[in-house]
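The values are calculated or read from the model by the stated rules, or taken from the named source; none is laboratory data. The structure presented is a predicted model; accordingly, all values stated were derived computationally and were not measured. Neighbour counts are summed over all protein chains in view; Cβ atoms, including those assigned to glycine, are modelled from backbone coordinates with ideal geometry. Just the protein is used for accessible areas: all its heavy atoms, side chains included, with ligands, DNA and RNA removed. Shrake-Rupley method; radii C 1.70, N 1.55, O 1.52, S 1.80 Å.
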Amino acid sequence: MYQDYMKQIPIPSSRGSVIPFTSWMGLGKSIKQLYEQPLHYLTNILLKQWDQSRIGSEDEYKRLDDIIHPCKAEASIWLMEEIHRQTSSHFHIADLWKKDPMYSGFIDSIFPTLQDTS
């Protein structure tokens, strides 16, 4: 049901404004608020991994928007989001959830109203 629901949420075609950010998860949170949309479980996990991959780098404490232009960063997130929404197997997601008892912490509580396409 989760994957079917996420497939129905359209990716925004127009962007708001440039979003300043210091971390990938922070940018993800701002995107959720600005567009009033959830991000896919797999996108949330990926943003966490990207933040963790910075630990120990020479630019670990540098603002991310000084390293990557905010428009490119947002576009990257929306690209990953589209891939996760449209191509992820519900079997794969269920398998990940079985292995992670804390999976619900990465499922957003934003539920936009979908247009009836029938």
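When residues of segment 20-37 are filtered for being assigned to a loop (DSSP other than H, G, I, E, B) and without any contact (Cβ under 8 Å) to a residue 60 or more places away in the chain, how many remain?
If we filter segment 20-37 for residues that are assigned to a loop (DSSP other than H, G, I, E, B), which is where we start, we get 20-23, 36-37.
Okay, now just the ones that are also without any contact (Cβ under 8 Å) to a residue 60 or more places away in the chain, so 20-23.
Result for segment 20-37: 4.
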(message) Can you confirm whether SER76 is more than 12 Å from the chain's Cα centre (by Cα) and open to solvent by less than 90 Å² (accessible area, probe 1.4 Å)?
(response) no
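This table checks each residue for (1) touching a Pro at 6+ places or on another chain (Cβ under 6 Å); (2) open to solvent by 50 Å² or more (accessible area, probe 1.4 Å); (3) over 17 Å from GLY105 (Cα atoms).
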site: PRO12; (1), (2), (3): no, no, yes
site: ASN44; (1), (2), (3): no, no, no
site: LEU47; (1), (2), (3): no, no, no
site: GLY56; (1), (2), (3): no, yes, yes
site: ASP65; (1), (2), (3): yes, no, yes
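Could you list, in sequence order, all residues of segment 98-110 that are touching a residue at least 40 places away in the same chain (Cβ under 8 Å) and either surrounded by 10 or more Cβ atoms within 10 Å (Cβ to Cβ) or at positive phi (or both)?
Scanning segment 98-110 gives TYR103, PHE106, ILE107, ASP108, ILE110.
What residue, of HIS90, HIS40, is touching a residue at least 24 places away in the same chain (Cβ under 8 Å), within 29 Å of LEU114 (Cα to Cα) and open to solvent by 80 Å² or more (accessible area, probe 1.4 Å)? Please lay out each step first, then the result.
On the way: HIS40 fails: open to solvent by 80 Å² or more (accessible area, probe 1.4 Å).
Exactly one of HIS90, HIS40 is touching a residue at least 24 places away in the same chain (Cβ under 8 Å), within 29 Å of LEU114 (Cα to Cα) and open to solvent by 80 Å² or more (accessible area, probe 1.4 Å), namely HIS90.
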(message) I'm trying to understand the selection: among the residues of segment 82-96, which are among the charged types (D, E, K, R) and modelled with pLDDT of 95 or more?
(response) GLU82, ARG85
